[in-house]
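Written out below as structure tokens is the structure these notes cover.
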Amino acid sequence: MKTNQTPKVLLVGNSARGHAIAEAIMRSKHNPILFVYMKANNPGIAALAEKVEIGGYDQPGRIAEFAESHDASLAIIDSEEPLCHGVVDALEWIGIPTVGPKQKLAMIETSKGGARLLMAKHHIPGSPKFRIFRTMDGIKDYLKENLPVVLKPDGLTGGKGVMIQGEHFATIAEALKICRDILTKHQAVVIEKKLEGEEFSLQCFCDGRNIVAMPPVQDHKRRLNGDLGLNTGSMGSYSCANHLLPFLTPAELEQAADIVRRTVRALHLETGLFYRGIIYGGFMVTRDGVKLIEFNARFGDPEAINVLALLETDFVDICQAITNGRLHKLPVSFRRLATVVKYVVPFNYGLLKDQRAAEGSDLIKIGNLGKATLYYSSVNHDQAGCHLTSSRAAAVLGTAPGLSEAERIAEKAARAITGAVAHRTDIGTAALIARRVRHMEELNKQK
Ligand code: AMP
Ligand code: GLY
């Protein structure tokens with residue numbers, strides 16, 4: 001893209017994370033024009049866009065046509081669905097530099113088994129003991145020797161398909177039933193040793209050769225306070241002003257960045273392609289060091305909201321450095337502030353049927369959000385107001401010099417969204433963070 005031209009940026013995505021990306025694009029000093037292709041209307045993103053087209057993410061040709069008709073000079077992909085349908089391949093085919101890996105490289109997210117095999121082949125540390133099964137043959141014997149385990153479908157499941165022994169099932173018989181179910185819907189099941197520790201997300205900009213790590217974030221996947229209930233897409237996240245986490249050392253953060261760096265190199269060696277986009281490792285600090293839980297080929301949702309709000313460097317410059325392979329030439333910095341994101345969800349979201357309350361009205365009211373920023377996720381607007389869908393409605397972000405203030409800002413805003421909604425009141429609180437630190441201290445005592 002020529003620097004003296006107004007950037008015409010295509011965003012493919014409709015999530016709250018996409019809303020944060022759109023906002024980061026529109027903060028650019030280059031005064032970009034934003035075009036958005038999304039599968040469902042996100043009013044927050046639409047308000048920032050020059051033009052919106054609604055359509056499926058399984059139509060790479062249609063997305064490329066939309067980009068070409070608006071003379072896009074840069075594209076960025078928000079979520080895994082368009083990546084796995086080859087949207088980046090289609091956009092790059094017509095010469096549009098795109099932030100997002102090609103379909104073959106997005107396999108790092110779409111195939112959990114493939115990611116583990118790549119790491120093993122290239123001697124990249126950080127995997128728990130694992131084995132991949134395509135049929136039921138041998139599963140029973142393997143389970144007998146490797147309990148406790150985690151069972152994962154080899155494919156995209158929106159973060160909700162992982163079954164953990166001791167939480168979702170107890171016995172070998174139950175594990176076998178789950179494996180059978182997984183194999184009826186997916187090509188394989190990955191059986192991993194269950195790890196214990198504290199999780200963190202490390203999102204990195206990547207130009208194929210270089211990575212730039214963003215501040216680490218802790219995500220909260222469980223639906224209920226105290227990390228109880230089922231796994232959801234996520235209920236919220238926090239990051240700290242010192243760009244570490246209360247249970248994470250600089251050396252452990254570097255171990256995680258090294259795993260990402262080596263994986264990017266391995267992807268190039270295997271495919272001959274350069275990974276240009278965002279690569280995000282979900283990690284766990286355990287008593288045996290840092291382990292990789294999974295890779296994602298995109299920003300985290302909502303972790304993107306935590307970090308993009310802190311970005312000091314022009315985001316469009318970063319996108320261009322990613323697509324040009326010149327990330328090493330661009331100093332990238334983030335403000336030293338704490339952030340807390342809380343998701344406001346339909347009350348029944350992620351609850352078991354017998355926990356559910358009677359359906360309320362689907363209309364929500366957004367009151368005074370104070371100092372927080374609102375990011376829409378899944379809502380429908382009409383003359384009557386703002387309606388819930390079955391997914392998460394919106395995220396609120398609190399930013400402040402300290403975590404407790406950031407939490408207060410986010411909590412106050414989450415409470416100001418009223419209707420048949422719920423949120424986790426404990427994310428970012430001193431009590432939950434103290435519990436995480438104690439958990440790590442107890443594990444380290446067992447070393
Ligand atoms: P994933 O979709 O792979 O991120 O997994 C969802 C959640 O399952 C993770 O955030 C972890 O909490 C948990 N999980 C996945 N793999 C393991 C593992 N090997 N040991 C313990 N927990 C795991
Ligand atoms: N925050 C979890 C994810 O984006 O997959």
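So which residues in the range 378-394 are in contact with a His (Cβ under 8 Å, 6 or more places away or on another chain) and either within 14 Å of Arg17 (Cα to Cα) or crowded, with 17+ Cβ neighbours inside 10 Å (or both), if there are any at all? Spell out the reasoning first.
Restricting attention to the range 378-394, the residues satisfying the condition of being in contact with a His (Cβ under 8 Å, 6 or more places away or on another chain) are 379-381, 387.
If the condition is that a residue be in contact with a His (Cβ under 8 Å, 6 or more places away or on another chain) and either within 14 Å of Arg17 (Cα to Cα) or crowded, with 17+ Cβ neighbours inside 10 Å (or both), then Val379 is the only one that fits.
Say we look at the range 115-143 and pick out the residues that are surrounded by 14 or more Cβ atoms within 10 Å (Cβ to Cβ) and of a type in the set (D, E, K, R); which of these is farthest from Gly289 (Cα to Cα)?
If we take residues in the range 115-143 being surrounded by 14 or more Cβ atoms within 10 Å (Cβ to Cβ) and of a type in the set (D, E, K, R), then Arg131 is farthest from Gly289 (Cα to Cα).
Among (1) more than 30 Å from Gln383 (Cβ to Cβ); (2) in contact (Cβ under 8 Å) with a residue 24 or more places away in the chain, there is one condition Ser69 misses while meeting the rest; what is its number?
Failing condition for Ser69: (2).
Can you name every one of the strands (runs of 3 or more DSSP E) wholly within the range 221-327 that holds 1 or more residues which are touching a Leu at 6+ places or on another chain (Cβ under 6 Å)? Break it down into steps so the answer makes sense when it comes.
Details: elements: 228-239, 276-286, 289-296.
Passing ranges, in order: 276-286, 289-296.
Among Arg287, Arg209, Arg223, which is more than 14 Å from ligand 1 (Cβ to nearest atom) and not assigned by TED's automatic domain parsing to the domain that holds Arg392?
Values: Arg287 fails: more than 14 Å from ligand 1 (Cβ to nearest atom); Arg223 fails: more than 14 Å from ligand 1 (Cβ to nearest atom).
Only one candidate passes the filter, namely Arg209.
Only one of (1) crowded, with 21+ Cβ neighbours inside 10 Å; (2) within 16 Å of ligand 2 (Cβ to nearest atom) fails for Lys291. Which number is that?
(2)
Go through the range 397-408 and count every residue that is surrounded by fewer than 24 Cβ atoms within 10 Å (Cβ to Cβ) and closer than 14 Å to Ser237 by Cα. Even if it seems obvious, please write down each step before you answer.
The first filter runs over the range 397-408 and keeps only residues surrounded by fewer than 24 Cβ atoms within 10 Å (Cβ to Cβ), leaving 399-405, 408.
Among the residues that remain, those that are also closer than 14 Å to Ser237 by Cα are: 399, 403-404, 408.
Of the residues in that region, 4 qualify.
Restricting to the range 223-257, name every residue that is hydroxyl-bearing (Ser, Thr, Tyr) and surrounded by fewer than 17 Cβ atoms within 10 Å (Cβ to Cβ).
Let us first name the residues in the range 223-257 that are hydroxyl-bearing (Ser, Thr, Tyr), namely 232, 234, 237-239, 249.
Selection gives Thr249 alone.
Only residues that are within 16 Å of ligand 2 (Cβ to nearest atom), part of a strand (DSSP E or B) and touching a helix residue (DSSP H, G or I) at 6+ places or on another chain (Cβ under 7 Å): list them for the range 207-219, please. Please lay out each step first, then the result.
From the range 207-219, those within 16 Å of ligand 2 (Cβ to nearest atom) are 214-219; that's our starting set.
Add one more test, that the residue is part of a strand (DSSP E or B), and what stays is 217-219.
Across the range 207-219, the qualifying residues are Val217, Asp219.
Among the residues in the range 155-168, are any surrounded by fewer than 19 Cβ atoms within 10 Å (Cβ to Cβ) and among the acidic types (Asp, Glu)?
The answer is yes, given that some residue of the range 155-168 is surrounded by fewer than 19 Cβ atoms within 10 Å (Cβ to Cβ) and among the acidic types (Asp, Glu).
The values are calculated or read from the model by the stated rules, or taken from the named source; none is laboratory data. Quick caveat, the model's predicted, so the values are computed rather than measured. Backbone-built Cβ (ideal geometry, glycine too); neighbour counts: all protein chains shown.
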